[in-house]
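Please read through the structure below; I'll follow up with questions.
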């Protein structure tokens, strides 16, 4: 499976809240860095971290759907997904759309690391800089 196909399959599984896809799509040493992980003080790690991330999103948002419009191959093991997220706030009740960018590292046809950002240009720059 190509990295682009993997990213698109993972986004589809995320939008369907398909928790069963976690072990198939994510590496055991998976890490997710996002504004929510920044708030908790550490990245979400491993499959259990991915499940916790799903729970935290569900707790904070009444609805969340991500669309990736463009996938850019940064290097052999890293892709950049650019798109938007439609969000429904749980507490505020506000619905809004915002840019979303995902820097994704792939290893052995599974997602190893994700950085979630809300600025496409910043994500392009960070995708080239991250170790």
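FYI, it's all coordinate maths here, none of it is from the lab. In this text the structure is predicted, and so the values were computed from the model without any measurement. Note: ideal-geometry Cβ built from the backbone for every residue, glycine included; neighbour counts use all protein chains shown.
Which entry in [x] 8.9; [y] 7.8; [z] 7.4 is this structure's computed mean projected area of the Cα convex hull in nm²?
[z]
Measuring from label point to label point, each 7 Å out along Cα→Cβ, what is the residue 48 to residue 12 span in nm?
Result: 3.1 nm between the two label points.
So, in nm, how far is label residue 73 from label residue 91 when the simple model puts each one 7 Å beyond its Cα toward the Cβ?
4.4
Another question about this same structure. Taking R0 as 22 Å, what FRET efficiency do you get between residue 40 and residue 122 from their Cβ-Cβ distance, rounded to the nearest 0.05?
0.55
Same structure, new question: Cα centroids of the range 9-71 and the range 88-124: how far apart, whole angstrom?
9
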